[in-house]
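**Student:** I have a structure here, written as structure tokens, and I will follow up with some questions on it.
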Amino acid sequence: MIVPAEELLRIERKINWDEYIEKVKPIVERVREKGDEALIEFTKQFDGVEPEYLRVPKDEIDKAYDVVDDEIIDALEVAKENIERFHSITAVERDMKIDFGDCVLGKKYTPLDSVGIYIPGGRASYPSTALMAGIPANIAGVERIVACTPPDKDGKIKPLTLVACDIAGIKEIYAVGGAQAIAAMAYGTKTIRRVDKIVGPGNVYVTAAKLLVQKDVPIDMPAGPSEILVIADETANAEFVALDCVAQLEHDPMALAIVLTTSRDLAEKVEEFAKGIVADHSEINLSNLKIAVVRDIDEAIRLANKIAPEHLSMMFERAEDYLDKIKHAGSVFIGEFSPVACGDYASGTNHILPTSGYAKVFSGISVETFMKHVTYQILSEDALRRIGDAVIKLARAEGLPLHALSVEKRLGPRSSS
């Protein structure tokens, strides 16, 4: 597991999406053509159940509260409070109106009309995803929030997921998973009306379907397997480093964990701790833990920015002082008491983050994900006269004489002097 640092840059993290897109294309097309009939057909085929319904009835959501332990409901409420607090504060008044004297320029933000959230099932249920997407969508003011999530072996949604959706303010919940759910939200069926944007994590088939439909419906970001990169020095707690790494590997056999450390001794201890932890967790692919010894913290940060990890953990002396040097990461966790798991659930930041190096160009989900802005201008006659000549010349230079004329007519006859 201890490898040369240069080898980390050669790890292939990009998935061959063309291969998976070809596999999901028939599913997407079938849903476009047959709607609900195709959803039922694919639920039988992929989930092995005859669905009792597509849209979860309100009474089933209400009954879920009787099944889920009160302590778990309390934990969801704590998470909601923190997520809501952080996203509300970061969603401060964005509208702006700037008076330049002879003209006023401005920008106003408006929410999307509808969004679809994919909540993964399969290996594990992710009620936390309902909070992470549903809460900022509600803060943004989205009127219609839809959630799709795979049914269990009984054809129903896990009560915990239903409670989380309800707490997050999601009113429409559908027992549909996989690429077929993405197709339904993108193109609509008799039961599921199409949405204006699709967000949320999923397996390779879900992500491939999102990439396929994005020509018609925007998505949040491409997403691959979970990943963490830890930068640590000799002062770090080796057991904490190992725990954070194997916790990410717990997500998926394709998940990746990287440790960059200035200490050979720490590297060996992390490797030892990791082996001990996974001894009782055979599902974890420990071969995807890569540890490298680097010259200094600056080299580690340089490598981290090239890798652009989903989660970046900084466990070294004066780590907070280096935050400004971090250019590319989905979310950063500073100090030994800031485990990634807290960001996954309840610290308040978002856990729907770019992976596979996409943190170089994408950000995690936020209130802005569910909004767009409109610019406007109010020009006085003086303002038009101030810039009009430039507009006329540029319009004519581009071969658009009527653009020029629309300004000339407002300015009246031009002086011959």
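Each reported figure results from applying straightforward, stated rules to the coordinates on display, with no laboratory input. These figures come from a predicted structure and were not determined experimentally. A quick note on method: Cβ atoms are made from the backbone with ideal geometry, for glycine too, and the neighbour counts reach across all protein chains shown.
**Student:** Looking at the chain as a GNM with Cα springs under 10 Å, which of 391, 332, 246 has the largest mean-square fluctuation?
**Tutor:** 391
**Student:** Would you mind checking region 368-412 for residues with the amide N under 17 Å from a putative spin-label position 7 Å along Cα→C-beta of residue 104?
**Tutor:** 374-384
**Student:** Compare 252, 102, 154 in a GNM of the chain, Cα atoms joined below 10 Å, and give the one with the largest fluctuation.
**Tutor:** Taking springs between Cα atoms under 10 Å, the residue moving most is 102.
**Student:** Can I ask one more? What order, most packed first, do the peptides 317-325, 368-376, 27-35 have when packing is the mean number of other Cβ atoms within 10 Å of each residue?
**Tutor:** Packing order, densest peptide first, comes out as 27-35, 368-376, 317-325.
**Student:** Would you mind counting up the charge near residue 90? Only other residues with Cβ under 14 Å from its Cβ, with Lys and Arg at +1 and Asp and Glu at -1.
**Tutor:** -1
**Student:** Give, as a single signed number, the net charge of other residues whose beta carbon lies under 12 Å from the beta carbon of residue 38, with Lys and Arg counted +1 and Asp and Glu -1.
**Tutor:** Computed value for this residue: 0.
**Student:** Among 361, 213, 270, which one shows the highest mean-square fluctuation when the chain is modelled as a Gaussian network with alpha-carbon springs under 10 Å?
**Tutor:** 361
**Student:** How far apart, in nm, are two points set 7 Å out from the Cα along the Cα-to-Cβ line at residue 7 and at residue 283?
**Tutor:** Once both label points are built, they end up 2.8 nm from each other.
**Student:** List the residues, sorted by chain then number, that are 5 or more residues from residue 372 or on another chain and whose placed amide H is less than 5 Å from its amide H.
**Tutor:** Long-range HN contacts for residue 372: 110, 112.
**Student:** If you don't mind, another one. Taking θ as phi - 60°, what are the ³J(HN,Hα) couplings along region 348-356 by the Karplus curve (6.51, -1.76, 1.60), each to the nearest whole Hz, with x for Gly and Pro?
**Tutor:** Karplus values, whole Hz, x for Gly and Pro: x, 6, 9, 9, 8, 10, x, 10, 6.
**Student:** If you build the convex hull over the alpha carbons only and average its shadow over all orientations, what do you get for region 291-358? Give it in nm² to one decimal.
**Tutor:** 4.8 nm²
**Student:** Where does the charge balance sit around residue 302 when Lys and Arg score +1, Asp and Glu -1, over other residues with C-beta under 13 Å from its C-beta?
**Tutor:** Residues near residue 302 contribute 0 overall.
**Student:** Provide the FRET efficiency to the nearest 0.05 for the residue 70-residue 387 pair, computing r from the beta carbons and using R0 = 56 Å.
**Tutor:** 0.30
**Student:** Taking the Cα centroid of region 213-268 and of region 61-115, what is the distance between the two, rounded to the nearest whole Å?
**Tutor:** Centre-to-centre (Cα) distance: 28 Å.
**Student:** I'd like the Kirkwood hydrodynamic radius of region 224-363, using the inverse of the mean 1/r over distinct C-alpha pairs, in Å.
**Tutor:** When all Cα pairs of region 224-363 are included, the Kirkwood radius is 14.7 Å.
**Student:** Non-local amide H neighbours of residue 173 (under 5 Å, H modeled in plane, Pro and chain starts lacking H): which ones?
**Tutor:** Close amide H contacts, sequence-distant or interchain: 56, 147.
**Student:** Output ³J(HN,Hα) for region 296-312: one whole-Hz value per residue in order, computed from phi by the Karplus curve 6.51 cos²θ - 1.76 cosθ + 1.60 with θ = phi - 60°, and x for Gly and Pro.
**Tutor:** Taking θ as phi minus 60°, the curve returns 7, 5, 4, 5, 4, 5, 4, 5, 4, 5, 6, 6, 6, x, 4, 10, 10 Hz for region 296-312.
**Student:** Right, next: Could you give each residue of region 244-254 its phi-based ³J(HN,Hα) in whole Hz, using Karplus coefficients 6.51, -1.76, 1.60 with θ = phi - 60°, and x for Gly or Pro?
**Tutor:** Here the 3J(HN,Hα) series is 5, 5, 5, 4, 6, 5, 5, 5, 6, x, 9 Hz.
**Student:** Amide H to amide H under 5 Å from residue 258: which residues, 5+ apart in sequence or cross-chain, H placed 1.01 Å off N in plane?
**Tutor:** The answer is 228, 229, 230, 290.
**Student:** Among 79-87, 282-290, how do they line up by average Cβ neighbours within 10 Å per residue, starting with the highest?
**Tutor:** In descending order of packing, they fall as 79-87, 282-290.
**Student:** Where does each of 253-262, 128-137 land if you order them by average Cβ count within 10 Å, highest first?
**Tutor:** By packing density, highest mean first, the sequence is 128-137, 253-262.
**Student:** Quick check on the chain: take the gyration tensor over C-alpha atoms, sort the square-rooted eigenvalues as a ≥ b ≥ c, and tell me if it's rounded (a/c under 1.5), prolate or oblate.
**Tutor:** It comes out oblate by the Cα gyration axes.
**Student:** Where nothing but the Cβ of Lys and Arg (+1) and of Asp and Glu (-1) is charged, how large is the charge dipole of region 185-271 around its Cα centre, in debye to the nearest 20?
**Tutor:** Here region 185-271 has a charge dipole of around 980 debye.
**Student:** Right, another one. Ignoring everything except DSSP H segments at least 4 long, calculate the 222 nm mean residue ellipticity for the chain; use -39,500 (n - 2.57) per segment, divide by total residues, nearest 500.
**Tutor:** For the chain, the value works out to -13000 deg cm²/dmol.
**Student:** If one computes the Cα centroid of region 338-417 and of region 140-166, what distance in Å separates the two points?
**Tutor:** A separation of 36 Å, based on Cα centres.
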